[in-house]
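Report on the following structure.
The values are calculated or read from the model by the stated rules, or taken from the named source; none is laboratory data. Everything numeric in this text was worked out from a predicted model, so none of it was measured. Because the Cβ atoms are built from the backbone with ideal geometry, glycine has one as well, and the counts that use them run over all protein chains shown.
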Amino acid sequence: MSKEEYSTILSEVKHQSVQKIMESQKSWPSELFHYTNATGVHGILTSKALFLTNLRYLNDPNELTYVFSLAQKCLEIQRADWVKHPNGDIIWDSVYSFLGHVISDYHESDLVFQNDEHDYYVCSLSESADSLDQWRAYGDDGLGTCIGLNPNKLANVRWGLPSISITPPNTTFLVKMIYDEKEQMKTINEFLKVVLEMVENADEGDNVADVMWVTNEELSELLHELRFIFKHKAYEQEREWRLVMIDNHNYLTGEFFDWLSDPERHPKPKEAVKLITPAVKTRVRNHEIIPYLIFKIENEDSSDDDELFDGSASPPISQFILGPRSNQMNASLSLIHLLTELGYGHYPKMDKSSAPYRV
């Protein structure tokens with residue numbers, strides 16, 4: 001079998017694996033919730049936008065590497081099945097080592113993604129309204145606001161999963177996180193099973209190096225997509241849905257970092273000197289400067305200033321829940337003043353949190 005035939009087979013398996021998951025996510029909830037502090041809710045209302053944070057700045061320290069570690073676990077379980085075939089041990093070692101290198105690169109250098117022309121940004125939403133755990137973690141320890149959003153009313157959100165090779169620029173997807181490790185491993189194992197069948201049925205003349213290269217390439221692409229929806233079970237209570245956007249104009253490429261580390265030996269990349277306004281913005285969060293992208297929750301060309309709160313049956317922002325530790329009366333009055341200042345003539349429902357929380 002030729003290298004191209006291997007690639008075609010595994011590419012199709014990869015596509016089917018992702019498609020199977022996404023088919024189960026075609027139906028979106030009528031409401032999702034975003035927990036934030038006073039600065040966050042003020043920024044969302046004044047800009048009519050959500051802020052999508054760079055993937056590497058999220059709360060899970062293993063966000064970038066979890067799926068690669070999971071794939072290594074799958075391979076460890078399968079090792080006996082691989083090594084009993086000619087060249088099976090060589091291919092197994094190659095794939096396992098490749099995954100290890102990816103994990104090591106993220107942990108140690110953590111500067112450039114494997115697909116370094118792209119970077120990834122997300123905004124976390126939840127199925128859970130008035131969740132005490134999320135008030136503590138994301139709602140300013142109960143002092144903030146939980147914003148109810150109707151995902152079906154958000155502008156320019158697509159069903160599906162971002163694919164580096166085919167996703168148009170500035171496209172935003174809504175995906176549901178999967179926390180069940182057995183389900184996660186099943187998806188990865190289905191891919192590895194096809195690779196093992198290729199090893200079992202390999203002809204004498206097949207090039208082992210081609211099999212290793214294609215396997216690593218296609219598995220890497222699959223795992224890069226799955227990391228948007230696979231998360232460690234420790235976060236299961238968050239019941240997260242996630243807005244995902246790829247920055248197709250990332251100038252922080254390998255060439256850029258080569259130049260940055262040794263400007264005398266490497267030419268300055270063109271992308272770094274273009275006189276353009278970058279899409280990526282920055283904000284301060286505690287001790288960090290955080291890169292983010294802006295996602296407008298209504299169409300840019302909307303002529304109706306009241307579209308967000310126009311009294312329709314299901315506007316994009318459906319309600320505010322005021323934090324359990326906040327001065328809820330003052331918080332509701334402040335929101336009304338803010339909405340009035342911004343020119344909105346109609347107001348979403350405002351509820352007080354019923355979570356019992358006192359410090």
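Before moving on, here are some points about what is shown:
- The set of residues in segment 15-65 being under 21 Å from Gly144 (Cβ atoms) and among the basic types (Lys, Arg) consists of Lys48 alone.
- Residue, nearest to the chain's Cα centre (by Cα), within segment 173-221, restricted to residues that are over 29 Å from Lys231 (Cβ atoms) and β-branched (Val, Ile, Thr): Val211
- All of (1) at pLDDT below 90; (2) surrounded by fewer than 16 Cβ atoms within 10 Å (Cβ to Cβ) hold for Val102 with one exception: (2).
- For segment 72-89, the count of residues that are under 19 Å from the mean Cα position of the chain (by Cα), on the phi < 0 side of the Ramachandran plot, surrounded by 17 or more Cβ atoms within 10 Å (Cβ to Cβ) and of a type outside the set (Ser, Thr, Tyr) is zero.
- Leu64, sole failed condition from (1) buried (at least 16 other Cβ atoms within 10 Å of the Cβ); (2) at pLDDT below 85; (3) out of contact with any Lys or Arg (no Cβ under 7 Å at 6 or more places or on another chain): (3)
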